[in-house]
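Have a look at the structure below, then the notes.
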Amino acid sequence: MVGTTVGLTLALGLIVSVLISQRTKLKLEREKLALARASEKKYSDLFHNVSDIVYVHSLDGGILQVSRAVTRLLGYGSEELVGRSVREFVRPRYREAFDSYLRRISTWNSREELVGIIPLASRRDGALYLFEFRSSLIQEDSRTIAVRGIARDVTDRMARERELRRSERRTSALLVESRRMQDNLALLSREILKVQEEERLRVSRELHDDMGQILAAITMNLEIVSRELLSDQAVIKKRIADTRVLIDQVFECVRRFLRELRPETIDQLGLLPAIRQYAHEFTDRTGIEVVLKEHQVVEKLGSEQKLALYRIAQESLTNTAKHAHAQCVTIAISKENHSVVVEIRDDGEGFDQTGNRRTEISTKTHLGLLGMRERASLVGGEFSVQSRKLEGTLIRVSLPLQEELSTQHLEN
């Protein structure tokens, strides 16, 4: 009897243990199911609530799953698309590209994404929209079973990019046209300066030949008349002497104009004597001292460069006399590397370069600076101006030495 009781007790304990174990398992299964449902809901919310189209399609392009964003972007309900092929929504002329995309799936590296653009038509208005897609493979047991990805509407972005490219092409074309016009303007400026110099040469020769002969003839006539006058005609002799003095002054004035029109000294003696002579005359005429620091390298410049440099010095001294109220001007000529550098510095009033130049200096002076810059540019040089109020003005011109540049080029 006791043995029977013990057996029943053990059996009941075993049954209770089994029941408890089964209840625990059921509880765990229910918890796993709840977690799975929560995870699935979270995934579904994420899948459907993103702003871009999230999709899953089969290896042959059939739509398996698509997010609700497709309704907002293309006007289709997601339930209308599942089971249909993506190819149906691709315009005929783009289907070959889509078929090529499907063929690539078989050779696709599972660790990579396939990125591209697909055009899709909207159900609402039939308009074509461009979507940038990023697809990746879904694998199970090392076997590819489907493709998933995300597609973003880039229609507006690509339209802006196309417009930007068109704008860049237009800007590039305008830049090319601008450079062509600048080249034409530089050529025109060069021709204008050439014509000006030729005209100055012609006028100077005519003045020298015609005016010089006339004045010489007048002087000779006065000399003859003066010899034939009687000794008691002193008043007439004085008048003749005064007239000869006036004629000498006219001679000097004509010579000065001739030098300004076309300095023959440059061709006959060189640039330094021409600048030296002009500086001496400038000091006599204005009272402004000119200090010339010479360097013979300047004579190695070409004829056009010498003439441009002379004109720049001439214009600079003229501006100094008219506007700077200076006491002294220094013209320093030096050699830097393969260039001749000329610096013209005055101790005048100067002007404020940070302000409006048209209010600081006259329009004529402004044009004079532009003319000097243009002359330097046309012979391959560089031109700069530095000035401050009450600190004077520095004009700097750098002209390349063609001979040394040619030699350097040959050596290289």
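The one condition from (1) crowded, with 16+ Cβ neighbours inside 10 Å; (2) part of a helix (DSSP H, G or I) that residue 333 does not meet is (2). Taken over segment 281-300, residues that are part of a strand (DSSP E or B) and either of a type outside the set (Asp, Glu) or not assigned by TED's automatic domain parsing to the domain that holds residue 335 (or both) amount to 4. Looking at this structure, is residue 354 over 29 Å from the mean Cα position of the chain (by Cα) and either modelled with pLDDT of 90 or more or not in a helix (DSSP H, G or I) (or both)? For residue 354, the condition - over 29 Å from the mean Cα position of the chain (by Cα) and either modelled with pLDDT of 90 or more or not in a helix (DSSP H, G or I) (or both) - is not met. Within segment 288-314, residues that are within 27 Å of residue 370 (Cβ to Cβ) and without any contact (Cβ under 8 Å) to a residue 12 or more places away in the chain have Cβ atoms under 9 Å from residues that are charged (D, E, K, R) and part of a helix (DSSP H, G or I) in no pair, counting only partners at least 6 apart in sequence or on another chain. Residues that are within 25 Å of residue 77 (Cα to Cα), modelled with pLDDT of 90 or more and either in a helix (DSSP H, G or I) or not hydrophobic (A, V, I, L, M, F, W, C) (or both) are absent from segment 109-118.
Take the residues in segment 89-125 that are β-branched (Val, Ile, Thr) and within 30 Å of residue 141 (Cα to Cα); name whichever of them is surrounded by the most Cβ atoms within 10 Å (Cβ to Cβ). Within segment 89-125, the match that is surrounded by the most Cβ atoms within 10 Å (Cβ to Cβ) is 105.
The sole residue among 407, 365 that is at pLDDT below 90 and surrounded by 14 or more Cβ atoms within 10 Å (Cβ to Cβ) is 365. Within segment 63-117, restricting attention to residues that are of a type in the set (Gly, Ala, Ser) and under 45 Å from the mean Cα position of the chain (by Cα), the residue that is farthest from residue 158 (Cα to Cα) is 100. Number of residues in segment 59-104 that are among the small types (Gly, Ala, Ser) and not in a loop (DSSP other than H, G, I, E, B): the value is 6. Among the residues of segment 309-320, none is identified as at pLDDT below 90 and either outside the structural domain of residue 369 (by TED's automatic domain parsing) or aliphatic (A, V, I, L, M) (or both).
Within segment 368-404, the set of residues being at pLDDT 85 or above and of a type in the set (S, T, N, Q) comprises 377, 384, 386, 387, 393, 398.
The values are calculated or read from the model by the stated rules, or taken from the named source; none is laboratory data. Because the structure is predicted, anything quoted here is derived from the model rather than measured. Virtual Cβ from ideal backbone geometry, glycine too; neighbours counted across all protein chains shown.
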